[in-house]
Amino acid sequence: METIYIIIGIVALAIGFGIAKIIEKQRASGTIKNSKRVASRIIKEAKTEAESIKKDKILQAKEKFIELKSNHEKVILSREKKMVDAEKRIRDKESKLSQELNTNKKANQEIEAKIKDYDYRLEFLEKKKKEAEKMHKKQVEQLEVLSGLSAEDAKKELTASVKEEAKTDAMAFIQDQIEEAKLTAEQEATKIVLNTIQRVGVEQTVDNVVSVFNLESDNIKGRIIGREGRNIRALEAATGVEFIVDDTPEAIILSCFDPVRREIARLSTHKLVTDGRIHPARIEEVVAKTEKQINQEIAAVGKRTVIDLGIHGLHPELVKVVGRMKYRSSYGQNLLQHSREVANLCAIMAAELGLNPKVAKRAGLLHDIGKVPDKESELPHALLGMKWAEKYGEKPDVCNAIGAHHDEVDMKSLYAPIVQVCDAISGARPGARRQVLDSYIQRLKDLEDVAFAFTGVQKAYAIQAGRELRVIVESEKVSDDKAAELSFNISQKIQNDMTYPGQVRVTVIRETRAVNIAK
């Protein structure tokens with residue numbers, strides 16, 4: 001029974017397996033059919049896409065072909081155009097060459113004709129020359145007979161007269177040069193003498209070496225003089241200042257070339273008169289205290305000046321020298337004010353020229369330190385100031401600017417001419433130094449009047465403190481050539497008719513303007 005069940009199970013398994021195989025075949029055949037359908041669809045789509053791609057590529061190829069063809073045609077056209085232009089240039093050159101050949105032929109013919117004409121004229125001139133020589137010999141012989149002199153003697157007399165005339169002209173020129181040299185030398189000598197007077201004490205008393213001490217009453221004069229003059233002698237010995245007690249009411253004159261010592265004497269006398277105790281011991285004590293006070297004030301003035309100008313790192317001794325400038329004058333101009341002005345001018349000018357304004361300001365402030373020496377020196381003040389600057393560690397540019405501002409040494413940097421120019425500007429400014437204002441104004445008016453005396457002058461201005469005359473002329477009446485001639489004539493008239501220091505520069509300006517009005 002069990003065997004039957006087993007057989008039935010095996011048969012059932014075989015039947016199931018067979019059914020499974022049949023089902024699997026059916027599924028496989030269905031899958032194959034689906035795959036074939038998908039493959040056929042993909043192939044169709046690929047063929048369609050290939051056709052479209054093929055059409056696009058064909059279109060692109062056609063477009064590329066058309067573009068290449070157009071470019072090729074353009075290149076061919078440009079080449080043809082160049083060939084046409086080249087042919088045209090060649091034809092033009094050929095025509096020019098043919099014209100030049102024709103012209104050269106004509107020119108050669110003309111030259112040959114001219115040569116023939118020249119030869120003919122040369123022969124004619126030779127004949128005329130021989131005739132003229134014959135005539136000249138006859139005239140010379142006739143002149144010798146009439147004058148009683150031979151040609152050689154006449155030539156010698158003519159040469160002698162020409163030599164004498166040339167000698168006279170040369171002497172006149174030499175005399176003019178000598179007069180001009182004397183004038184320049186006199187000006188330079190005056191400058192040196194005035195500078196020397198400012199630095200060296202002399203017996204003559206002028207305004208800038210004298211101070212007047214006012215008194216409440218003339219009774220104080222006797223106390224200042226003292227018994228047998230011992231007080232005044234003590235004052236003079238302690239201060240180095242001469243006390244002049246004369247008939248001037250309620251005043252004593254203090255005379256000394258050194259303004260510092262004069263100021264010490266004035267303040268000391270004021271303290272003594274105010275205190276009332278005047279005797280030699282007290283005089284020495286007060287003078288010593290006043291001298292110390294003045295030295296402190298000098299240092300303070302120097303420091304204040306340096307701070308105001310923004311100058312740093314200046315040696316203390318140079319600061320004191322700057323302070324002493326307060327009590328010095330140059331041609332009547334306060335030296336400290338002059339130096340401050342030069343320093344500011346130098347800084348402005350250096351800044352405009354793209355240089356360091358601090359270095360220029362430093363050089364401008366120190367340029368005249370040689371005018372306030374502790375001990376008298378025979379050196380010019382510029383060289384003395386340069387030595388001090390070198391001694392106290394100033395930069396080479398600053399030292400050279402100090403030494404070269406009066407051309408005692410060569411200028412080695414741009415700061416030197418800046419200091420020189422600014423020094424001249426400060427000193428030449430009207431009113432800065434002693435001069436009579438009325439005569440100064442009259443000289444400027446006379447300069448302008450000289451220019452107005454010439455025809456064609458429209459305006460004339462005397463500028464640069466009378467050192468330059470600027471003349472504006474009418475362009476219709478004065479040409480460019482006449483402008484140069486007018487400048488020369490005005491300068492000669494000024495030189496001959498006027499008296500003036502230095503040189504006067506005459507500048508003639510001719511300007512043409514075209515003006516129209518749009519309505």
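Does Asp207 qualify as being at pLDDT below 70, surrounded by fewer than 18 Cβ atoms within 10 Å (Cβ to Cβ), of a type outside the set (A, V, I, L, M) and touching a Pro at 6+ places or on another chain (Cβ under 8 Å)?
No.
Mind listing whichever residues of region 298-339 are in contact with a helix residue (DSSP H, G or I) (Cβ under 9 Å, 6 or more places away or on another chain), free of Cβ contacts under 8 Å to residues at least 60 places away in the same chain, open to solvent by 40 Å² or more (accessible area, probe 1.4 Å) and outside any loop (DSSP other than H, G, I, E, B)?
Answer for region 298-339, where residues must be in contact with a helix residue (DSSP H, G or I) (Cβ under 9 Å, 6 or more places away or on another chain), free of Cβ contacts under 8 Å to residues at least 60 places away in the same chain, open to solvent by 40 Å² or more (accessible area, probe 1.4 Å) and outside any loop (DSSP other than H, G, I, E, B): Ala300, Lys303, Arg304, Asp308, Pro316, Lys320, Lys326, Asn334, Gln337.
Regarding Ala343, is this residue in contact (Cβ under 8 Å) with a residue 24 or more places away in the chain and under 25 Å from the mean Cα position of the chain (by Cα)?
Judged against the criteria, Ala343 is a match.
Do we have Glu390 as of a type in the set (Asp, Glu) and in contact with a Cys (Cβ under 9 Å, 6 or more places away or on another chain) here?
Here the answer is yes, as Glu390 does meet what is asked.
Please enumerate the residues belonging to region 255-281 that are open to solvent by 30 Å² or more (accessible area, probe 1.4 Å) and within 25 Å of Gly323 (Cα to Cα).
Correct list: Phe257, Arg261, Glu263, Arg266, Leu267, His270, Lys271.
Of everything in region 231-254 that's touching a Ser or Thr at 6+ places or on another chain (Cβ under 7 Å) and open to solvent by 20 Å² or more (accessible area, probe 1.4 Å), which residue is nearest to Glu291 (Cα to Cα)?
Looking at the filtered set, the residue picked out is Glu242.
Quickly run through region 340-380 and pick out the residues that are assigned to a helix (DSSP H, G or I), open to solvent by 10 Å² or more (accessible area, probe 1.4 Å) and under 14 Å from Val321 (Cα atoms).
Arg340, Arg362, Lys371
Just to be sure before I move on: is Val478 touching a helix residue (DSSP H, G or I) at 6+ places or on another chain (Cβ under 7 Å) and not charged (D, E, K, R) in the structure I sent?
Taking the combined requirement at face value, the residue satisfies it.
The values are calculated or read from the model by the stated rules, or taken from the named source; none is laboratory data. A quick note: this is a predicted structure, and the numbers were derived from the prediction, not measured. Note that each Cβ is placed from the backbone with ideal geometry, even for glycine, and that neighbours are counted across all protein chains shown. SASA here: full protein model, heavy atoms, side chains in, ligands and nucleic acids out. Shrake-Rupley method; radii C 1.70, N 1.55, O 1.52, S 1.80 Å.
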